[in-house]
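Single-structure report; data block below.
The values are calculated or read from the model by the stated rules, or taken from the named source; none is laboratory data. Just so it is clear, the structure is predicted and the values come from calculations on it, not from any experiment. Heads up, the Cβs are rebuilt from the backbone with ideal geometry, glycines too, and the neighbour counts pull from every protein chain shown. Protein only, heavy atoms only, side chains kept; ligands, DNA and RNA dropped before computing areas. Shrake-Rupley method; radii C 1.70, N 1.55, O 1.52, S 1.80 Å.
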Amino acid sequence: MVYQSPAGARDLLPLDVAQKRWIEERLQQVFHRWGYHRIITSTLEHLDTLMAGGAVQRSQLIQLQSDEGEIGLRPELTASIARTAVTRMAGALYPQRLYYNANVFRRASSTHHNQQQEFYQAGVELLGAQGWLADAEILLLLAECMQELSLNNWCLILGEAGIARSLLSTFPANLREQVRYAIAHLDRITLETLPLSREECDRALMMLDLRGHPADVLQKIASLDLETPQAEALHRLKSLIALLNECFPVSSSQSTTSSPIILDLSLIQTFDYYTGIVFKVVSNTTYPARIIGQGGRYDQLLGLYHPQAETVSGIGFSLNIEDLHQVLLPSQQLPHATPTSNWLVIPETPQAYTAAFAYAAKLRASQHLVRVEMDLGDSDPDTIREYARHRRIQQIAWIKSEGLPSIESITSTKSLLSPSQ
Amino acid sequence: MLTVALPKGALLKDSISLLQSVGLDFSAFLDSANRQLQIQDPTGKAQALLVRTHDVPVYVEYGQAQLGIAGYDVIREKKPQVAHLIDLGYGRCRMSVAVKASSPYRSAVELPTNSRVASKFVHCAREYFDSIDLPVEIVPLYGSVELGPITGMSEAIVDLVSTGRTLRENGLIEIEILYESTARLIAHPLSYRLNTDNLSEVIEKIRSHILAAV
């Protein structure tokens, strides 16, 4: 019998892990620099918790058998963090700056055979901070993550769920959900065939293509009939974009013709989850372009988990580690090999075992990381040298019966390759 | 480079002449000597992929083609995550339920419960019979679906009908129309949002051409 992993599952071998860690460590450094603290929540949650926000459907979840009611594997982290924030961290001082680096699970759709089901995400949640200054913090933090990964060719598709919702509210109630669904799915044909008045249809089509250079789009939105809260939301959006344009790292606007922000009011969801800005992070490095992260403001979500329905505002984003990995692979930045050992220690006789372990321990006790391997077999010296050369181990220590080391340097046959490792 | 996925078969000729009218020439696909599946427009502005009609939404969904032309029947069957931009008007046909002319059934609800229905459009057939609350067994076939009722394997079929000639010549009659289908212009959603390769310009040209033709 051959034991295989389930469809859509994936094992990460040491080199995969080294590359994944390279990405995660850089992101983590940025999160730390901005004063965020790591939170680890449970992989398992009640289905009710996972679906409370309305953004997650049962069909997307991997459910587990349990005596404890319906439980499943988390498809994202925000629900878990919202739950824990209002229950376990009650009375905490806000704002709370939290980050995570975790695996998430999504059930493969029936039409995609063998689609991946386990993914890794790194992200942040900024809880208890309203206002566009918090929005700016999140987007600038995101930009710094991109910079830290030397990802220059990226852009942000930025929407505003509050303004979009108010524009939608002008459509007849019986058709509003259909209009919203069609706009969210860029379905112009449906918009043209819905029984809307000429003027309503034009407005729906205008919304569908309300995207582009922020200044142009802001101007178009300003020309629409907005109620006071939306006019205020527009004002906040303007301030946010002005600040981002000044603060975004220069490298991200390397595509000289356009700013890295595409303002897109058709970027909406078919559920009321986001309440303010909503965004997708897109890498243009690969062809076709790829979404490497997403996020937004969710000021009502925490209230759903609070026993007295008291809500706390929140905003965050998550980056898709697999997508980042794919985008970064051609750039040659990721490690090409797992780290090599610095030393190979070989006890020449059984009497030398104790001394060999002691010598290896001495080498490892260095202030900087020193990787020391023990030779475990009865190989002859030439085989051992060949092994060391193959593994690019540069120094080997032969330990004699009386415990004295004899040190030998191994020159790699592929000496051209070794310095860069 | 702008890449368009074009469907082999019935929609190809009209699709190529539509793109010609907006300045993109892929007529080399119509040359019977051509065996290439990927060709460039002579101006070097764009390229086209020649794929099976059911595969057009796949190339567009994954973004290997930013634009594609596919029948509504295929789009409805596969429900791809693509932007639905323009009803191109040609390739008009309908998705219908048909039975042997000699059978007693004259509407879908008259079919006996648990009867067999052969179709290439499995999801569509399933959705329709669910909507009229009639439990049937769907038999997936890849072609010559008319043989289902002729050989007695199935009571009915769900298939595309354009003129109705194939049905008539095989002794079948249409008893129900599920929906009308035409060719559609679809786009990769992310490329559409980013306006990759100035996609919007090509789309607008196609739209004006279609509007002018009406």
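Here are a few things to note about the model shown:
- Around the amide H of B:SER115, modelled in the peptide plane, lie the amide H atoms of B:GLU137, all under 5 Å away and 5 or more residues distant in sequence or on another chain.
- For chain B, with +1 on Lys and Arg beta carbons and -1 on Asp and Glu, the positive-most of B:LEU12, B:LEU88, B:LEU134 along the dipole: B:LEU12
- Between A:GLN308 and B:ILE132, the C-beta separation translates, for a Förster distance of 56 Å, into a calculated FRET efficiency of about 0.75.
- Cross-link partners of B:LYS120 among lysines, defined as those whose alpha carbon lies under 21 angstrom from its own and excluding same-chain residues fewer than eight positions apart: B:LYS8, B:LYS78, B:LYS79, B:LYS100.
- Minimum 40 Å² accessible area buried by the other protein chains, the stretch B:165-208 residues, probe 1.4 Å, relative to alone: B:LEU190, B:TYR192, B:ARG193, B:LEU194, B:ARG207
- Ordering A:ALA233, A:SER197, A:LEU156 by the projection of their Cα atoms onto the charge dipole of the stretch A:14-331, which places +1 on the Cβ of Lys and Arg and -1 on the Cβ of Asp and Glu, puts A:LEU156 at the extreme positive end.
- DSSP H segments from chain B that extend 15 Å or more along their own axis, Cα-based, with Kyte-Doolittle mean of 0.0 or above: B:199-213
- Sorting A:TRP22, A:TRP154 by solvent-accessible area of protein heavy atoms yields A:TRP22, A:TRP154, largest first, with a 1.4 Å probe.
- Pair-distance distribution of chain B: all C-alpha pairs, bin width 5 Å, starting at 0; shares per bin in whole percent are 1, 7, 15, 17, 16, 13, 10, 9, 7, 4, 1, 0.
- The protein assembly as shown: C-alpha gyration tensor shape, a/c 1.5 cut-off, then a/b vs b/c: prolate
- FRET efficiency, B:VAL22 to A:ASP48 (Cβ-Cβ, R0 41 Å, nearest 0.05): 0.20
- Most mobile of A:SER406, A:SER109, A:SER166 in a GNM of chain A (Cα contacts under 10 Å): A:SER406
- Mean projection area, nm², convex hull over Cα of the stretch A:18-135: 9.5 nm²
- Each Lys and Arg Cβ is given +1 and each Asp and Glu Cβ -1; about its Cα centre, the stretch A:343-409 then shows a dipole of about 420 debye.
- Solvent exposure of chain B as accessible area per residue, Å², 1.4 Å probe: 47 Å²
- Pairwise burial A:B, computed as accessible area of each alone minus the pair, summed, 1.4 Å, Å²: 1800 Å²
- The heavy atoms of B:LYS78 offer some 80 square angstrom of accessible surface to a 1.4 angstrom probe.
- For chain A, complete DSSP H runs whose alpha carbons reach 27 Å or more along their own long axis and whose mean Kyte-Doolittle score is -1.0 or higher are A:14-33, A:228-247.
- With 40 Å² as the minimum drop in accessible area between chain alone and full protein complex (1.4 Å probe), the qualifying residues in the stretch A:200-224 are A:ARG211.
- Under 16 Å from a label point set 7 Å out along the Cα-to-Cβ vector of B:SER102, the amide N atoms of the stretch B:171-209 belong to B:171-173.
- Prolate/oblate/rounded call for the stretch A:343-409, Cα gyration tensor, a/c under 1.5 rounded: oblate
- Relative contact order (percent, whole number), the stretch A:14-331, Cα cutoff 8 Å, 6+ residue spacing: 23 percent
- Gain in span if fully extended, B:LYS205 to B:ASN34, counting 0.36 nm per residue against the direct Cα distance: 58.8 nm
- Using a probe of 1.4 Å on the protein chains alone, the accessible area found for A:TYR359 is around 30 Å².
- Heavy atoms of the protein chains alone define the surface here; on that basis chain A has 51 Å² accessible area per residue at 1.4 Å probe size.
- Across the stretch B:146-158, rounded Karplus estimates of 3J(HN,Hα) from the backbone phi angles (6.51 cos²θ - 1.76 cosθ + 1.60, θ = phi - 60°) give 4, 5, x, x, 4, 7, x, 5, 9, 7, 9, 10, 10 Hz, Gly and Pro being marked x.
- Sequence of B:LYS120, A:LYS20 from largest to smallest accessible area, 1.4 Å probe: B:LYS120, A:LYS20
- DSSP beta bridges confined to chain B are antiparallel in about 65 percent of cases.
- Where A:SER318, A:SER59 fall by accessible area, highest first, once all protein chains stay in place (1.4 Å): A:SER59, A:SER318
- Residues B:SER162 and A:GLN29, FRET efficiency given R0 of 45 Å [Cβ-Cβ distance, rounded to 0.05]: 0.15
- The protein assembly as shown - share of DSSP beta bridges that are antiparallel (%, nearest 5): 70 percent
- With a cut-off of 20 Å on the backbone N, the residues of the stretch A:372-411 near the modelled label site 7 Å out from A:LEU15 along Cα-Cβ are A:387-394.
- Chain A: most fluctuating residue of A:ALA242, A:ALA102, A:ALA355 per GNM, C-alpha cutoff 10 Å: A:ALA355
- Long-range amide H partners of B:SER181 with built H, under 5 Å: B:CYS93, B:ARG94, B:MET95
- Among beta bridges from DSSP that stay inside the stretch A:343-409, the antiparallel ones total about 40%.
- Positive end of the dipole of the stretch B:118-214 (Cβ unit charges, origin at the Cα centre): among B:PHE121, B:VAL145, B:ALA212, the Cα lying farthest that way belongs to B:ALA212.
- Cross-link partners of A:LYS400 among lysines (Cα-Cα below 23 Å; sequence separation of 8 or more within a chain): A:LYS362
- In the complete set of protein chains, residue-level accessible area for A:ASP380 is approximately 80 Å², probe 1.4 angstrom.
- Carbon/sulfur fraction of accessible area - chain A, other protein chains in place, 1.4 Å, %: 51 percent
- Extension gain, A:GLN333 back to A:THR354 (0.36 nm per residue minus Cα-Cα distance, nm): 3.4 nm
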